[in-house]
Amino acid sequence: MNRLRNRLILIFVAATLAPLAATVWITNSLLEYSLEYSSTAQLDELADSLRVATREYYQHMRDGLRKSAERGELKPEQYASKDQAHWPERVKAFAATGKTEWFEPAGTEGDRLQYLVRRGDDVWVYSVALGEVALDRVTRQIRAANALVERIGALDLRRGFKLVYVLLAASLWLVALGLLVFLAHRISRPIQQLTAGLTRLASGDLNARVSGARDDEIGRAIRAFNEMAERLQESTERLVYLRQLSSWQTLARKTAHEVKNSLTPIRLTVEEMVARFEGSDRAFISQAAEIVVDEIETLERRIRAFSQFAAEPPVSPCPLDVNSLLQERVAFLKMAHPEVAYDCRLSESVPSAMADQDLLKGILTNLLENAAEAAGSGGHILGRTFAQNGHVAIEVHDSGPGLSEQARSSLFQPTISFKKQGMGLGLSIARKSALLSGGDIVLVKGELGGAGFRVLLPVAAHAFQAHTDRG
């Protein structure tokens with residue numbers, strides 16, 4: 001269960017619900033207050049007042065027009081009965097009613113008032129302007145106001161405004177909540193993966209790694225965890241190897257001591273036997289004794305190798321120029337293996353390494369000798385230097401057949417070799433020397449088709465500071 005994500009969601013809900021409720025309450029109060037001022041009651045009263053005023057004004061204008069007509073102050077339009085066929089439609093309509101008088105609006109939008117009077121069979125029409133008051137327009141406006149009042153009265157605007165606002169606010173809040181859930185998942189997921197990786201690492205799984213390509217603080221934490229896990233794995237492997245070396249060294253010391261105690265009397269006895277033998281087969285005995293002595297010397301060399309492997313040499317680390325040291329070892333071994341082509345690819349920016357000079361010479365000599373033996377006549381050897389993740393790296397590659405899977409699995413374990421020139425302890429001693437110098441030796445992919453070895457050494461303090469300043 002993703003607790004961090006749930007906590008983020010709860011924090012968002014707690015932080016937004018109270019402001020949201022307060023906002024809705026305040027907005028509803030403002031809407032209530034504003035809608036009170038926009039009540040349709042005032043519009044209805046205004047329409048009624050306008051209707052009454054218009055009616056009174058119309059009545060007043062009718063009375064005035066009648067009086068003016070009776071006093072002869074206005075000149076009428078006279079329509080004779082003999083011309084009835086040519087009367088306007090409104091005059092014909094008035095005549096058809098049989099009434100003696102009639103008032104009706106006329107002109108543009110009713111801005112004039114007409115007074116129709118029957119004089120026998122004739123019809124007289126008096127007319128007066130109403131000024132700015134257009135009866136038809138006023139009547140239309142009053143009807144529109146009444147219709148608006150009726151329509152608004154049928155609707156509950158206050159409730160509608162509140163409902164729309166609440167729905168809008170709730171929709172926005174839900175959208176924000178969904179966005180937060182998505183972001184919380186994105187934020188908490190890598191943290192959850194990092195926690196799972198830490199749990200695996202704490203339980204002893206040194207291969208625990210967390211995948212993720214982020215550029216924020218979480219991404220830096222993931223990269224730091226992966227680097228820490230990698231270094232812890234390397235340190236654990238080195239510690240296990242050193243413990244194995246300690247056991248192997250104890251066994252080597254005992255074996256060397258026991259074998260040496262047996263070889264010395266055997267050599268002396270054989271030499272005494274040859275010295276005392278005077279028979280006819282002295283040549284055979286001498287040849288046999290030489291073979292036995294030669295094999296004894298071979299065993300003694302192996303005993304010295306075991307003694308060297310079991311010994312704890314003093315380590316005196318100092319800043320070393322790995323380029324010069326690699327070139328010196330290659331030049332030294334060229335004379336011993338003229339049939340092999342050597343090539344050096346040296347980095348000019350590689351910093352100085354902090355290591356024991358004698359131990360590093362022994363490491364490079366062992367790796368170059370093994371490479372020359374693997375490459376054979378006409379083979380090629382490449383030595384290169386470079387800086388890698390705060391270390392100085394020296395690589396040796398050969399064009400030999402490479403290493404089998406079985407050889408890779410026990411590459412640095414001490415074994416007994418019965419080759420004339422091999423002791424079976426070279427790589428074990430070389431890695432031990434690298435570990436004593438604070439570094440290590442690892443197998444890498446060969447650039448020339450054969451085997452490849454990388455020696456990692458710590459950077460000298462002053463060189464590391466200068467390299468960092470340049471970077």
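Bear in mind these aren't lab numbers, they're just calculated from the coordinates by the rules spelled out. Nothing here was measured: the structure is a model prediction, and the numbers come from that model. Don't worry about glycine lacking a Cβ; one is built from the backbone with ideal geometry, like all the others, and counts go over all protein chains shown.
Shown for Glu217, Glu447: other C-beta atoms within 10 Å of each C-beta, ranked fewest to most, produce the order Glu217, Glu447. Based on C-alpha pairs under 8 angstrom that are at least 6 apart in sequence, the stretch 314-470 has a relative contact order of 26 percent.
List residues of the stretch 197-239, by number, whose backbone nitrogen lies under 15 Å from a label position 7 Å along Cα→C-beta of Arg186. Flagged as within label range: 213-219. Applying the Karplus relation 6.51 cos²θ - 1.76 cosθ + 1.60 with θ = phi - 60° to the stretch 367-380 yields 3J(HN,Hα) values of 5, 5, 5, 4, 5, 5, 5, 6, 5, x, 5, x, x, 9 Hz, where x marks Gly and Pro. The slack in the chain from Ala341 to Arg66, taken as 0.36 nm per residue of separation less the alpha-carbon distance, amounts to 85.3 nm.
One decimal place: the segment Val13-Phe332 gains 107.3 nm when fully extended, by the rule 0.36 nm per residue minus the C-alpha distance.
Spin-label pair Ser349-Ala21: with each label point 7 Å from Cα along the Cα-Cβ axis, the two points sit 6.2 nm from one another.
Based on alpha-carbon atoms, the Kirkwood radius and the radius of gyration of the stretch 314-470 give Rg/Rh equal to 0.96.
Judged by the mean number of other Cβ atoms found within 10 Å, the most tightly packed of the peptides 365-373, 290-298, 187-195 leads the ranking 365-373, 187-195, 290-298.
Starting from the Cα-Cα distance between Gln244 and Ala275, subtract it from 0.36 nm times their residue separation and give me the gain in nm to one decimal.
Stretched out fully, the Gln244 to Ala275 stretch lengthens by 6.6 nm.
From least to most packed, judged by other beta carbons within 10 angstrom and beginning with the fewest, Cys344, Cys318 follow the order Cys318, Cys344. Along the axis of the charge dipole computed for the stretch 56-203 (Cβ charges of +1 for Lys and Arg, -1 for Asp and Glu, origin at the Cα centre), the listed residues Val175, Leu113, His185 are led at the positive end by His185.
Under the classification rounded if a/c is under 1.5, otherwise prolate if a/b is larger than b/c and oblate if not, where does the stretch 41-153 fall, given a ≥ b ≥ c as square roots of the Cα gyration tensor eigenvalues? Cα axes put the stretch 41-153 in the prolate bin. In this simple spin-label model, placing a label point 7 Å from the Cα along the Cα-to-Cβ direction at both Asp358 and Glu132 gives a separation of 12.1 nm. Amide H contacts of Arg119 (H built 1.01 Å from N, in plane; Pro and chain starts excluded): Trp124 sit under 5 Å, all sequence-distant by 5 or more or on other chains. Annotation: the residues Lys92, Lys445, sorted from fewest to most other C-beta atoms within 10 Å of their own C-beta, follow the order Lys445, Lys92. Measuring r between the beta carbons of Glu150 and Glu217 and using R0 = 45 Å, the FRET efficiency lands at 0.10. Less than 5 angstrom separates the built amide H of Gly402 from those of Ala451, all sequence-distant by 5 or more or on a different chain. Between the beta carbons of Ala283 and Glu447, assuming R0 = 41 Å, the FRET efficiency works out to 0.15 to the nearest 0.05. Measure off 7 Å from each Cα along the Cα-to-Cβ vector at Glu290 and Ala224, then give the distance between these two points in nanometres to one decimal. It works out to 7.2 nm between the two label points. So, R0 is 51 Å and r is the distance between the beta-carbons of Ser171 and Glu56; what FRET efficiency does that work out to, to 0.05? For R0 = 51 Å, the calculated efficiency reads 0.45.
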